[in-house]
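The values are calculated or read from the model by the stated rules, or taken from the named source; none is laboratory data. These figures come from a predicted structure and were not determined experimentally. All Cβ positions, even for glycine, are placed from backbone atoms using ideal geometry, and neighbour counts span all protein chains on display. These area figures cover heavy atoms from the full protein model, side chains too; ligands, DNA and RNA do not enter into them. Shrake-Rupley method; radii C 1.70, N 1.55, O 1.52, S 1.80 Å.
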Amino acid sequence: MTAAQSVGAHTAGDPYLPRSGNGGYRVEHYDLDLRYRVSTNRLDAKAIITAVATQELSSFSLDLHGLRAGKVSVDAAKRTRFRQTTGKLIVTPERPITAGSAFTVLIDYAGSPRPRRSRWGAVGWEELTDGVIVASQPSGAPTWFPCNDHPSDKAAYRIRVSAEQAYTVVATGELVSRTVASGRMTWTYECPEPTATYLATVQIGRYLSREIGDEGTRIEVDYPVSLESRVTSDVRVVPRMLGYFSTIFGPYPFPSYRMIVTQDELEIPLEAQGAAIFGANHMDGESGSVRLVAHELAHQWFGNSVGLASWQHIWLNEGFACYAEWLWSEHDGRDSADVLAHRFHAALLMQPRDLVLSDPGPDDLFDDRVYKRGALTLHALRVLLGDAPFFELIRTWTDRHRFGLVTTQDFQTLAGETTGRDLDAFFRSWLDSKALPPLMHALPAPPEQR
């Protein structure tokens with residue numbers, strides 16, 4: 001075995017984020033114990049990471065940014081050595097870890113968490129006016145816990161957060177306990193569903209919590225009391241929306257859905273595993289941001305359950321979520337998906353056509369053209385196949401890859417398999433070409449199908 005084989009690479013090898021993620025192992029479980037003081041933005045924490053080596057490891061690395069590790073041990077060995085570089089915690093166990101072996105890493109760490117700068121803006125743990133928001137996509141998870149920060153390494157989580165008693169803490173998973181001692185409240189959440197690091201979250205604020213809907217999936221909303229009337233009005237649609245999406249996309253993949261509305265305004269909403277976070281500006285009491293509500297809810301199927309093997313395939317998240325906006329508009333009696341598709345197709349014709357959807361490149365990872373052209377690809381496929389085969393394909397996609405990882409090729413292969421049609425030319429024109437293909441109009445459904 002060569003030295004390169006025996007030492008875990010300090011990157012996951014993703015060309016879009018070459019400094020994120022790590023090789024040589026996969027994580028099975030994160031157990032995070034966070035003791036946070038809102039008033040001073042001080043975090044004292046412990047992480048217990050259970051992983052399996054995929055090759056022999058004489059050393060390995062974890063992503064950790066802006067926080068300082070004070071103690072590290074592997075399998076409780078006293079002679080574990082470690083060092084930190086910018087963004088990395090490099091660990092050398094007392095003895096090499098053999099390929100296929102499970103191992104446990106304990107890390108005590110602390111500091112004042114803050115966002116990290118990226119080419120897509122600031123990401124990660126961020127202080128609000130009075131509380132905390134975690135917005136990690138795509139590389140912000142290491143601002144609050146040591147991790148293997150790549151979407152392909154999904155794991156289970158237990159997140160325990162202690163904060164001042166006046167604050168509500170929402171974290172990834174289901175709340176399993178809440179205790180009070182010495183003016184502080186400790187919240188414990190558990191998430192057994194495989195979760196990418198960028199989708200793990202903690203939200204802290206002075207929030208009211210209430211459940212909405214009276215059947216099916218539990219939906220909870222957390223919001224400041226000052227926004228109660230606006231939030232109550234705008235989230236009234238969510239149970240009906242979740243029911244509709246469960247019909248066309250397949251069963252909702254998680255035990256519950258949580259919506260957090262911050263007192264602060266946010267540039268955009270964001271998804272997390274089983275949750276979505278909105279700013280005060282996204283709740284106007286008149287459903288002015290209903291498309292964004294639909295978009296973030298759809299991510300629970302596309303991106304959160306069906307996850308990305310690498311960031312190159314981002315359209316499988318954003319194209320589907322954008323198309324869900326159009327499908328909801330159609331279902332809700334407003335503009336049809338076909339009307340919206342032609343409107344955005346015309347708009348894209350006026351923009352630079354230098355983007356390849358199947359590989360947009362890191363600079364255009366979150367370019368609006370990825371969202372809109374992704375949605376247009378799906379609409380064009382729906383028009384080509386017809387509604388019944390198209391939605392059967394989508395339900396098969398979410399069922400077959402539930403909690404798994406996918407690539408663009410996986411979608412192309414499944415489309416051909418489920419329809420029995422040669423779709424190679426279609427996908428080449430929509431996914432692999434810079435030119436924007438023409439868009440056919442959908443035929444109206446026969447009266448008995450309306």
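Observations on the model:
- Selection among 390, 58, 274 by position relative to the dipole of the chain gives 58 as farthest towards the positive end (Cβ unit charges, Cα centre).
- Taking amide hydrogens as placed 1.01 Å from N in the peptide plane, the amide H of residue 82 sits under 5 Å from those of 92, each at least 5 positions away in sequence or on another chain.
- Restriction of the GluC sites (Glu not before Pro) in the range 274-340 to DSSP coil positions whose beta-carbon has at most 10 other beta-carbons within 10 angstrom yields 286.
- Here the Kirkwood formula, the inverse mean of 1/r across different C-alpha pairs, assigns the range 105-150 a hydrodynamic radius of 11.2 Å.
- Sorting 236-248, 130-142 by average packing, meaning the other beta carbons within 10 Å per residue, from highest down gives 130-142, 236-248.
- Alpha carbon Rg of the range 232-338, scaled by the compact-globule rule 2.2 N^0.38 Å: 1.03
- Normalising by residue count, the range 149-260 has a Cα convex hull of 119 Å³ per residue.
- Each residue of the range 317-323 was assigned a 3J(HN,Hα) from its phi angle through the Karplus expression (A = 6.51, B = -1.76, C = 1.60, θ = phi - 60°), giving 7, 7, x, 5, 5, 5, 5 Hz with x at Gly and Pro.
- Overall Cα dimensions of the range 17-173, principal axis frame, Å, largest first: 47, 33, 28
- Considering only 36, 437, 344, and ranking their Cα positions along the charge dipole of the chain that arises from unit charges at the beta-carbon of Lys, Arg, Asp and Glu, the one farthest toward the positive end is 36.
- Report summary: the helix-based calculation at 222 nm, which adds -39500 (n - 2.57) for every DSSP H run with n ≥ 4 and divides by the residues of the chain, gives -8000 deg cm²/dmol.
- The 3J(HN,Hα) values that the Karplus relation (6.51, -1.76, 1.60; θ = phi - 60°) gives for the range 221-236 are, in residue order, 10, 10, 7, x, 4, 5, 9, 4, 5, 5, 5, 4, 5, 6, 8, 4 Hz. Gly and Pro appear as x.
- Computed on the Cα atoms alone, the convex hull of the range 306-358 gives a volume of 76 cubic angstrom per residue.
- Cut-off 12 Å between beta-carbons: net charge of the residues surrounding residue 343, Lys and Arg +1, Asp and Glu -1: -1
- Net charge dipole size for the chain [Lys, Arg +1 and Asp, Glu -1 on Cβ; Debye, nearest 20]: 1420 debye
- 3J(HN,Hα) along the range 285-297, derived from phi through the Karplus expression 6.51 cos²θ - 1.76 cosθ + 1.60 where θ = phi - 60°, amounts to x, 10, 6, x, 10, 4, 5, 6, 4, 5, 4, 5, 5 Hz, with x in place of Gly and Pro.
- For the range 6-46, the Kirkwood radius over C-alpha pairs fed into Stokes-Einstein at 10 °C and 1.306 mPa s yields D = 122 µm² per second.
- Percentage of interatomic Cα-Cα distances in the range 215-271 larger than 18 Å: 40 percent
- Cα-derived Rg to Rh of the range 342-393, Kirkwood definition: 1.04
- Debye-formula intensities of the range 377-446, expressed as log10 I(q)/I(0) at q = 0.18, 0.21, 0.24, 0.28 Å⁻¹, are -0.73, -0.96, -1.18, -1.39 (one equal scatterer per alpha-carbon, no solvent).
- Take the chain with all the other protein chains still there, run a 1.4 Å probe, and you get 41 Å² of accessible area per residue.
- The relative contact order of the chain, computed from alpha carbon pairs under 8 Å that lie at least 6 residues apart in sequence, is 11 percent.
- Under 5 Å, built H, 5+ apart or other chain: amide partners of residue 21: 12, 149
- Under 21 Å of direct C-alpha separation, and excluding same-chain neighbours fewer than eight residues apart, residue 434 reaches these lysines: 372.
- Degrees separating the helix 238-249 axis from the principal Cα axis of the chain, which is the longest one: 80 degrees
- Separation between Cα centres of the range 196-247 and the range 27-64, rounded to whole Å: 29 Å
- Spread over its residues, the convex hull of the C-alpha atoms of the chain is 150 Å³ per residue.
- With the charge dipole of the chain set up from +1 on Lys and Arg Cβ and -1 on Asp and Glu Cβ about the Cα centre, the Cα lying farthest toward the positive end among the listed residues 413, 163, 247 is that of 163.
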